[in-house]
């Protein structure tokens, strides 16, 4: 029996009151007069708040269950699992003596080891019809007892295809659920000697055993709610080394914060947080968020709180403008959102602490204007490495079941062992920039997962592991709004085009995005989660297009020098010819410039160098570029 964690009420915040029994235990206590068997599933391996006179006890499942049954006058529990076989619970003389009165139960060491194939007969003798035995006065009595089949999910790997012995085993318990009689109790009500099945999920037991059987009560133990976590937090914060340094009011504030930070977490996990805080180096109560974050993602250092992060963001504008040309408005808004992230003000307008991603950005605008490049640059600025940039091309996730590739397949499906690409990536790099490229091309089912990420900052994969996005920056890119459906509904027409003012482009694209989520997808809640984090990119203006062209051309010449030790230069004529071709159509942005440069210059240059086979150290000037019917050719001086 695990030693309970007990703390007097007066040592905690003034707002804490002695708890009642958890709802699922109260339901058991009420149902003992009507139900002979119970199936407990859900949050079964947690620690539970239970009343212990004038104290609050934090008890694991078996202790909490026994404490409630003892209050009802039960004498002991018999607990069976595949590892320890059958044992008396609690392991105390009074309970062991009461159990010894059952003639069918051998209590001597080593004599009560029961293998699975012997379970049906052995269990039938124990609880099929409780064995009558004599008390000290020789009067026939039936002991008040309960049987707990722990780890019942491990009895079989195929609950719908049982072996003969297990078929007999479950049939025995099915019959018992219909034939058992309640026994007199000290409280004046006849109560059953119940059987408790502890399972991960009810599907781990045969369907025919549960469905339609009103004698078996199925109870799901929930993750603790806010009120329960608040009481638990008040009991756990004394574990912080500097607990005594705070006033009662301050302790209540930190208990509230602890509660908010642990949304959807178990009390057992909350206890682990305090253990992390108590380890070396110790974490003060005022930094409780660091302890929670360390528990969630396993990394003690928080880059977002470092001075160098502030310095990086403050110097980022020049660096980003050098890589992303002609998007000053988009860069400014992006940096504002990143500054909000560094200052931990994401979601500050909402009540409570936010577990949402550090930053959320929705990049929209024409193709080839720097959306992906800006995402890569953000990763470089924040974490000093573009490898911290995780990209998913959503056109690869257009199939209905493609969400399993991102989040992991459920048990029994192909790919289950591999996990999800997204969840695995976040486990490995919780501090990262995650880019979902061309989000509109993904299957709508995936959008449900994005809702959970944006709102809760977490995601549970197919294996049941929870990953947290609270330290990541989430970026979506989209070409929505550049083209819109025509009046006939079958064609697509230009909504924006080069030459429009930025304000016009921004207004038209933003309106089209809103219409898409509200009316085409019928998912306005996604738009609400994104909020005002939509960043609209403009078409590349000709002046910036020239800068992009110059940069790309220099990249080509530098590559030739690095790879072949050959120095190339272009005459003004050749350069002017290239520029005219590359800047003729700016509708495809920088990517379009690069594509044309590849056709008009890189391909013919590679062909000429291949044929010439120049020696290292040579220098050439390209005097002219000739456009032929089927190709381009470079002419050397």
- [ ] Go over the candidates 509, 548 one by one and state the one that is in the same structural domain as residue 455 (by TED's automatic domain parsing) and crowded, with 17+ Cβ neighbours inside 10 Å.
- [x] 509
- [ ] Can you give me the number of residues within the stretch 195-215 that are touching a strand residue (DSSP E or B) at 6+ places or on another chain (Cβ under 7 Å) and farther than 30 Å from residue 265 by Cβ?
- [x] 2
- [ ] Would you mind finding the one in 321, 282 that is over 25 Å from residue 593 (Cα atoms) and either outside the structural domain of residue 470 (by TED's automatic domain parsing) or assigned to a helix (DSSP H, G or I) (or both)?
- [x] 282
Open item on the list: Based on this model, can you work out whether residue 266 counts as over 27 Å from residue 39 (Cβ atoms) and either surrounded by fewer than 23 Cβ atoms within 10 Å (Cβ to Cβ) or touching a residue at least 12 places away in the same chain (Cβ under 8 Å) (or both)?
Closed with: no
Open item on the list: Condition (residue is in contact with a strand residue (DSSP E or B) (Cβ under 6 Å, 6 or more places away or on another chain) and either in a helix (DSSP H, G or I) or under 27 Å from residue 489 (Cα atoms) (or both)) applied to the stretch 543-555: is it met by at least one residue?
Closed with: no
Open item on the list: Out of 376, 296, 371, I need the residue that is crowded, with 16+ Cβ neighbours inside 10 Å, farther than 30 Å from residue 539 by Cβ and in contact with a strand residue (DSSP E or B) (Cβ under 7 Å, 6 or more places away or on another chain). Which one?
Closed with: 296
Task: Which listed residue is part of a helix (DSSP H, G or I) and surrounded by fewer than 17 Cβ atoms within 10 Å (Cβ to Cβ), from 212, 203 - done: 203
- [ ] Grab the strands (runs of 3 or more DSSP E) fully contained in the stretch 14-104, keeping just those with 3 or more residues being out of contact with any helix residue (DSSP H, G or I) (no Cβ under 9 Å at 6 or more places or on another chain).
- [x] none
Open item on the list: Going by what's in this entry, would residue 484 be described as crowded, with 17+ Cβ neighbours inside 10 Å, under 30 Å from residue 444 (Cβ atoms) and at pLDDT below 90?
Closed with: yes
- [ ] Tell me, please, whether a residue that is surrounded by 15 or more Cβ atoms within 10 Å (Cβ to Cβ), in contact (Cβ under 8 Å) with a residue 40 or more places away in the chain and either in the same structural domain as residue 326 (by TED's automatic domain parsing) or within 53 Å of the chain's Cα centre (by Cα) (or both) can be found in the stretch 603-615.
- [x] yes
Open item on the list: Can you report the number of residues in the stretch 129-170 which are at pLDDT 85 or above, touching a strand residue (DSSP E or B) at 6+ places or on another chain (Cβ under 7 Å) and part of a loop (DSSP other than H, G, I, E, B)?
Closed with: 3
- [ ] Go through the stretch 324-336 residue by residue and tally those that are assigned to a helix (DSSP H, G or I) and buried (at least 21 other Cβ atoms within 10 Å of the Cβ).
- [x] 3
- [ ] Among what's in the stretch 460-474 and is over 8 Å from the mean Cα position of the chain (by Cα) and part of a loop (DSSP other than H, G, I, E, B), pick the residue that is surrounded by the fewest Cβ atoms within 10 Å (Cβ to Cβ).
- [x] 464
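Yes/no matrix, rows are residues, columns are (1) farther than 20 Å from residue 49 by Cβ; (2) assigned by TED's automatic domain parsing to the domain that holds residue 82:
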site: 195; (1), (2): yes, yes
site: 200; (1), (2): yes, yes
site: 209; (1), (2): yes, yes
site: 212; (1), (2): yes, yes
site: 215; (1), (2): yes, yes
site: 237; (1), (2): no, no
site: 250; (1), (2): yes, no
site: 266; (1), (2): no, no
site: 273; (1), (2): no, no
TODO: Go through the stretch 531-545 and count every residue that is farther than 15 Å from residue 321 by Cα and surrounded by fewer than 19 Cβ atoms within 10 Å (Cβ to Cβ).
DONE: 3
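The values are calculated or read from the model by the stated rules, or taken from the named source; none is laboratory data. Since the model is a prediction, treat every value here as computed from it, not as a measurement. Heads up, the Cβs are rebuilt from the backbone with ideal geometry, glycines too, and the neighbour counts pull from every protein chain shown.
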